[in-house]
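The values are calculated or read from the model by the stated rules, or taken from the named source; none is laboratory data. What you see is a predicted model, and the numbers here were worked out from it, not measured in a lab. No Cβ is skipped: glycine too gets one built from the backbone with ideal geometry, and neighbour counts run over all protein chains shown. These area figures cover heavy atoms from the full protein model, side chains too; ligands, DNA and RNA do not enter into them. Shrake-Rupley method; radii C 1.70, N 1.55, O 1.52, S 1.80 Å.
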Amino acid sequence: MTKTKGEDFQHSINKDDNYIENHLARKKFSRKLLFWYAENRRNLPWRHTKDPYKIWLSEIILQQTRVAQGIPYYQRFIRQFPTVFSLAKASEQDVLRLWQGLGYYTRARNLHHCALEVVENFHGKFPDNFKDLKKLRGIGSYTAAAIASISFHQPVVVVDGNVFRVLARIFGITKDISELKTKDYFFALGNELISKEHPDEFNQAIMEFGATHCLPKIPLCGECIFNKDCIANTHDLQTVLPVKKKKQKVTKRYFYYVIIRKGKKVAMRKRNEKDIWHGLFDFYLAETTKPSNLQKLREENKILKNVQSDALSKTYKHQLSHQQLLAKFITVDLSTLPAEMLKVGFKFYSISEIKKLPKPVLILRYLKDEGILE
DNA sequence: AAGCCGGGGAA
DNA sequence: TTCCCAGGCTT
């Protein structure tokens, strides 16, 4: 079959704002989801209680943490701190020690701080609604919704990684989930869909569905109750949805160029093919991952070690898709370098020869600034 | 809006 | 290796 990707699909969504209602009524979605959950729910320690303290504890532990990894921590915390009072009474050191190995340690400090807040400001009773829960330290929109729905039966949807994935796929939402406002969109959509009768079950069901069935890489579409209702499945968009911009980090590279002159000629080298600018010519180069200075460079680089001048040029910047290049130049005369440096085998070019060599724009800009090239 | 926090499992 | 996990806080 021909895959309907990107543009065609985007168009079909944009031209119809009622897309969701047309394809899967909210009641139907909720009903099918709860049905699936009844048959597939895992038996997890925090599923046997509605105690807001225990629900809260489990949710903090499970932030950015897999269920299997969190279970033993949950059990140890419950055993050692059965109530919010006992947790509040503990020292931060004790809490951190019990948390060790779990990562994201501000969670542990916030956990302790929050326990103190609940004891001192609320007589040990957690607030019973989304808005007030969210005010507590370490409780964001996700955790507030989880506690509000599970412990207090409030119809507020949880929006976590699972919910993004499940809703984006089933309803064909192509918004970029890395954008902050997109979370508001899913929050609104989820609150339209959530079962008013069983908000707790709905929230746990949709997360369970995402965690065990609608998997990130290989969703089990073949045996899925939403088979015909799911846009991702019917349009073969499982790998596209949810849309998340790469966020590929831009790496910075600092180039310290040494322009070695011999009379009217200048040394240039052809660049390695495994890097940018392969096959192009630039100058002798000392590269670092952090900004440096001549002092430090002299200690690390055999050429620069003997450089007398301390006049680095201004910084030349060049932005590529995934890396930012920052270059400085320094000119030295070959005669000032020690004899051993001659063995490096620089090749010298006259100005007219240099004009003919293929050069990176970074080099070009510098040469023009210096009036070497017109 | 972006950076930061973290250990671990899966592909 | 890379991705992502039942996110939230700070700047």
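Details
- Under the condition of being at pLDDT 80 or above and open to solvent by 50 Å² or more (accessible area, probe 1.4 Å), the residues counted in the stretch A:312-335 number 8.
- Residue count for the stretch A:110-132, restricted to those that are touching a residue at least 24 places away in the same chain (Cβ under 8 Å), within 14 Å of DNA strand C (Cβ to nearest atom) and over 17 Å from A:PHE81 (Cβ atoms): 1
- Residue match in the stretch A:89-97 (condition: open to solvent by less than 40 Å² (accessible area, probe 1.4 Å), farther than 18 Å from A:ARG47 by Cα, within 12 Å of DNA strand C (Cβ to nearest atom) and modelled with pLDDT under 95): no
- Selection count, the stretch A:166-219, where residues are free of Cβ contacts under 8 Å to residues at least 24 places away in the same chain, open to solvent by 70 Å² or more (accessible area, probe 1.4 Å) and part of a helix (DSSP H, G or I): 4
- Annotation: A:ARG41 fulfils all but one of (1) over 21 Å from A:VAL159 (Cβ atoms); (2) of a type outside the set (Asp, Glu); (3) in contact with a helix residue (DSSP H, G or I) (Cβ under 8 Å, 6 or more places away or on another chain); the unmet one is (1).
- Of all the numbered requirements in (1) closer than 25 Å to A:LYS264 by Cα; (2) modelled with pLDDT under 80; (3) assigned to a helix (DSSP H, G or I), A:GLU299 misses one, and that requirement is (1).
- Which numbered condition A:SER151 misses (of (1) more than 10 Å from DNA strand C (Cβ to nearest atom); (2) closer than 25 Å to A:HIS112 by Cα; (3) open to solvent by less than 10 Å² (accessible area, probe 1.4 Å)): (3)
- Identity of the residue in the stretch A:69-82, within 12 Å of DNA strand C (Cβ to nearest atom) and open to solvent by less than 70 Å² (accessible area, probe 1.4 Å), that ends up nearest to the chain's Cα centre (by Cα): A:GLY70
- Selection status of A:GLY124, at pLDDT 95 or above, more than 30 Å from A:ILE225 (Cβ to Cβ) and not in a helix (DSSP H, G or I): yes
- Inter-residue pairs, beta-carbon under 6 Å, first in the same structural domain as A:HIS213 (by TED's automatic domain parsing) and over 11 Å from A:PHE209 (Cβ atoms) and in the stretch A:30-45, second in a helix (DSSP H, G or I) and aromatic (Phe, Trp, Tyr), 6+ apart: A:PRO45/A:TYR74
- Criterion: touching a residue at least 12 places away in the same chain (Cβ under 8 Å) and open to solvent by 40 Å² or more (accessible area, probe 1.4 Å) - qualifying residue of A:LYS135, A:LYS50: A:LYS50
- For the stretch A:53-68, residues that are more than 28 Å from the chain's Cα centre (by Cα) and within 14 Å of DNA strand C (Cβ to nearest atom) total 1.
- Qualifying residue in the stretch A:255-265 (condition: at pLDDT below 85, more than 16 Å from DNA strand C (Cβ to nearest atom) and not in a strand (DSSP E or B)): no
- Any hit, the stretch A:226-234, residues being open to solvent by less than 30 Å² (accessible area, probe 1.4 Å) and within 22 Å of A:ALA145 (Cβ to Cβ): no
- When A:VAL159 is tested against (1) of a type in the set (A, V, I, L, M); (2) under 25 Å from the mean Cα position of the chain (by Cα); (3) away from DNA strand C (no atom under 11 Å from the Cβ), only condition (3) is not met.
- Only one of the numbered conditions (1) within 14 Å of DNA strand B (Cβ to nearest atom); (2) surrounded by 23 or more Cβ atoms within 10 Å (Cβ to Cβ); (3) hydrophobic (A, V, I, L, M, F, W, C) is not met by A:VAL158, and that is (1).
- Residue in the stretch A:55-82 that is nearest to DNA strand B (Cβ to nearest atom), counting only those that are over 18 Å from A:ARG137 (Cβ atoms) and among the hydroxyl-bearing types (Ser, Thr, Tyr): A:THR65
- All positions within the stretch A:176-222 that are charged (D, E, K, R) and either at pLDDT below 90 or under 23 Å from the mean Cα position of the chain (by Cα) (or both): A:ASP176, A:GLU179, A:LYS181, A:LYS183, A:ASP184, A:GLU208, A:LYS217
- Listed by first and then second residue, the pairs linking a residue in the stretch A:337-363 that is hydrophobic (A, V, I, L, M, F, W, C) to a residue that is at pLDDT below 85, with Cβ atoms under 6 Å apart and 6 or more places separating them unless they lie on different chains, are A:LEU337/A:ASN306; A:LEU357/A:PHE281; A:LEU362/A:HIS318.
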